[in-house]
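Okay, structure first, notes after.
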Amino acid sequence: MNVLIFGGTGAMGTPLVKYLVDTGNSVFVTSRKARQSSGNIHYITGNAHDFEFVKKLVCEQRFDVIVDFMVYTTKEFKQRVDLLLKATDHYLFLSSSRVYADSDSPITENSPRLLDVSKDSEYLQTDEYALAKARQENILFASQNKNWTIIRPYITYNTERLQLTTLEKDIWLRRALEGHQILLPQDVAVHKTTMTYGDDVARAISLLIGNEKAKAEAVHLTGTESMTWQDVLKIYMDVLETKTGKKPDIWMPKTSDIIASAIGNKYQIKYDRMFDRVFDNSKMLELCGEEFAVASMETGLRKCLENFLTAPRWNAVDSTLVAGFDRAEKCTHALKNFETPQQKMKYIGWRYCPAGMTVLKKVVHKLK
């Protein structure tokens, strides 16, 4: 089969490409960065948010399968959905299990979504990630074409991506290794989460491709186990102490306001991380077959962190975020930690004069 993947270079896309190629498929992956094609892996340089680029791509060649990992606005998705459904035999749309409302019982694919039950009028006026994904799901549900599958993963991890609440490893882990405190707010620490190994999600997607029973269905791609964020941190701490010989200090403020202020993700915290996220993944297991199984959450997290610490590779972090967390922790980073003069200036401004930077940001926005 010829498989087209939009945004296929992340925690789920990278292992998916390998699974598909290993089973004899030709895989075409869009990427904004130029990458070297090899064998049955064909990289196509371009921005999948650019409708004209996508239109030209799918009109020049028909693909048996399209796997779409892109994060669209609802307006973007409406513009392209019919084109994509008509361009392939099977369209797999990456949604998220963040779409669900709070639940006292394990979440099934039919559990209430935030979009359907939320009474927060201010929130509902936004196109925040969980709402956008649910609105885009509704477009597929209403489509006359039924050659789609909605996949709903939840917090995938691998060696390059290890989250603690909403903080990526490039923030919480890097700060810990630099001698700073690990931030775990109390309002999130007590809640359960389900983290799923990225390779398991990729393998599940590969087994859903071309599966007629999966068409016109929404499917959880989640692990079987759950644990509190406090338990997740215990795993991380044990690995850090074993690998580095040091035990970082933990900072547990009552609320996640510090994170929300630094990152601007108050809705993600309020309507996701402050819920217990426990899933019923029986539909996935049934569709993927008896031999399919997912990695133990503790074993997987421990192994991935150990592997990362053996050969660390960091992604760039916005100096504005560093400044925000430094300001909250009442500490500083040396300017030599930032590569460019712009990063240094942003750090100084947001670390020591955030009010002034906020005003400047508004002025610049108006001038644009």
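If only residues of the range 14-55 that are out of contact with any strand residue (DSSP E or B) (no Cβ under 6 Å at 6 or more places or on another chain), within 18 Å of LEU207 (Cβ to Cβ) and not aliphatic (A, V, I, L, M) are counted, the one that is least open to solvent (accessible area, probe 1.4 Å) is PRO15. When ASP326, ASP238, ASP231 are checked against the criterion of being in a helix (DSSP H, G or I), in contact with a helix residue (DSSP H, G or I) (Cβ under 7 Å, 6 or more places away or on another chain) and of a type outside the set (Ser, Thr, Tyr), ASP326 stands alone in meeting it.
Per-residue answers, yes or no, for (1) part of a loop (DSSP other than H, G, I, E, B); (2) under 16 Å from LEU173 (Cβ atoms); (3) within 21 Å of the chain's Cα centre (by Cα):
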site: LEU321; (1), (2), (3): no, yes, yes
site: CYS331; (1), (2), (3): yes, no, no
site: LYS336; (1), (2), (3): no, no, no
site: ARG351; (1), (2), (3): no, no, no
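Which is open to solvent by 10 Å² or more (accessible area, probe 1.4 Å), assigned to a helix (DSSP H, G or I) and of a type in the set (S, T, N, Q), of ASN138, ASN145?
Working: ASN145 fails: assigned to a helix (DSSP H, G or I).
Testing whether each residue is open to solvent by 10 Å² or more (accessible area, probe 1.4 Å), assigned to a helix (DSSP H, G or I) and of a type in the set (S, T, N, Q) leaves just ASN138.
I'm told LEU305 meets every condition in (1) part of a loop (DSSP other than H, G, I, E, B); (2) within 30 Å of ASP102 (Cβ to Cβ); (3) of a type outside the set (Gly, Ala, Ser) except one. Can you identify the failing condition by its number? Going through the list (1) part of a loop (DSSP other than H, G, I, E, B); (2) within 30 Å of ASP102 (Cβ to Cβ); (3) of a type outside the set (Gly, Ala, Ser), LEU305 breaks only (1).
Looking across the range 82-132 at every residue that is of a type outside the set (A, V, I, L, M), open to solvent by less than 20 Å² (accessible area, probe 1.4 Å) and assigned to a helix (DSSP H, G or I), the one that is farthest from LEU221 (Cα to Cα) is identified as TYR123. Within the range 60-76, being under 18 Å from the mean Cα position of the chain (by Cα) and either crowded, with 20+ Cβ neighbours inside 10 Å or not in a helix (DSSP H, G or I) (or both) holds for VAL67, ASP68, PHE69, MET70, VAL71, TYR72, THR73.
Taking the criterion of being within 30 Å of ASN25 (Cβ to Cβ) and open to solvent by less than 60 Å² (accessible area, probe 1.4 Å), would at least one residue in the range 226-248 satisfy it? So that I can check it myself, show each step before the final result.
Of all residues in the range 226-248, those within 30 Å of ASN25 (Cβ to Cβ) come to none.
The answer is no, given that none of the residues of the range 226-248 is within 30 Å of ASN25 (Cβ to Cβ) and open to solvent by less than 60 Å² (accessible area, probe 1.4 Å).
Residues in the range 254-279 that are outside any helix (DSSP H, G or I), surrounded by 17 or more Cβ atoms within 10 Å (Cβ to Cβ) and of a type outside the set (A, V, I, L, M, F, W, C): SER256, ASN265, ASP276, ARG277. For the range 158-189, which positions are in contact with an Asp or Glu (Cβ under 9 Å, 6 or more places away or on another chain), in a loop (DSSP other than H, G, I, E, B) and open to solvent by less than 20 Å² (accessible area, probe 1.4 Å)? Within the range 158-189, LEU162, THR166, PRO185 meet the criteria.
Mind listing just one residue for me: the one in the range 280-295 that is of a type in the set (Gly, Ala, Ser) and more than 27 Å from ALA130 (Cβ to Cβ) and, of those, surrounded by the fewest Cβ atoms within 10 Å (Cβ to Cβ)? Walk me through it before giving the result.
Of all residues in the range 280-295, those of a type in the set (Gly, Ala, Ser) come to 282, 289, 293, 295.
Of the ones still in play, those that are also more than 27 Å from ALA130 (Cβ to Cβ) are 289, 293.
Numbers: GLY289: 9, ALA293: 11.
Selected residue: GLY289.
Do we have GLY7 as more than 15 Å from HIS90 (Cα to Cα) and crowded, with 19+ Cβ neighbours inside 10 Å here? For GLY7, the condition - more than 15 Å from HIS90 (Cα to Cα) and crowded, with 19+ Cβ neighbours inside 10 Å - is met. Within the range 355-363, can one find any residue that is assigned to a helix (DSSP H, G or I), open to solvent by 80 Å² or more (accessible area, probe 1.4 Å), closer than 30 Å to LEU207 by Cα and out of contact with any Lys or Arg (no Cβ under 7 Å at 6 or more places or on another chain)? Looking for residues that are assigned to a helix (DSSP H, G or I), open to solvent by 80 Å² or more (accessible area, probe 1.4 Å), closer than 30 Å to LEU207 by Cα and out of contact with any Lys or Arg (no Cβ under 7 Å at 6 or more places or on another chain), one finds none in the range 355-363, hence no. Checking each residue in the range 40-56 for being in contact (Cβ under 8 Å) with a residue 12 or more places away in the chain, more than 22 Å from GLY198 (Cβ to Cβ) and part of a loop (DSSP other than H, G, I, E, B) picks out GLY46, ASN47, HIS49. Cβ-Cβ contacts under 7 Å between residues 6 or more apart (or on different chains), taken from a first residue in the range 106-124 that is over 17 Å from TYR267 (Cα atoms) to a second residue that is among the aliphatic types (A, V, I, L, M) and open to solvent by less than 30 Å² (accessible area, probe 1.4 Å), are listed as GLU109/ALA218; GLU109/VAL219; PRO112/ALA101.
Among the residues of the range 109-130, is any among the small types (Gly, Ala, Ser) and either in contact with a Lys or Arg (Cβ under 7 Å, 6 or more places away or on another chain) or within 18 Å of LEU4 (Cβ to Cβ) (or both)? Please lay out each step first, then the result.
Just the residues of the range 109-130 that are among the small types (Gly, Ala, Ser), to begin with: 111, 118, 121, 130.
If we keep only those that are either in contact with a Lys or Arg (Cβ under 7 Å, 6 or more places away or on another chain) or within 18 Å of LEU4 (Cβ to Cβ) (or both) too, we end up with 130.
Yes, the range 109-130 has at least one match.
The values are calculated or read from the model by the stated rules, or taken from the named source; none is laboratory data. What you see is a predicted model, and the numbers here were worked out from it, not measured in a lab. Ideal geometry is used to build each Cβ from the backbone, glycine not excepted, and the neighbour counts take in all protein chains shown. Accessible surface areas use protein heavy atoms only, side chains included; no ligands, DNA or RNA. Shrake-Rupley method; radii C 1.70, N 1.55, O 1.52, S 1.80 Å.
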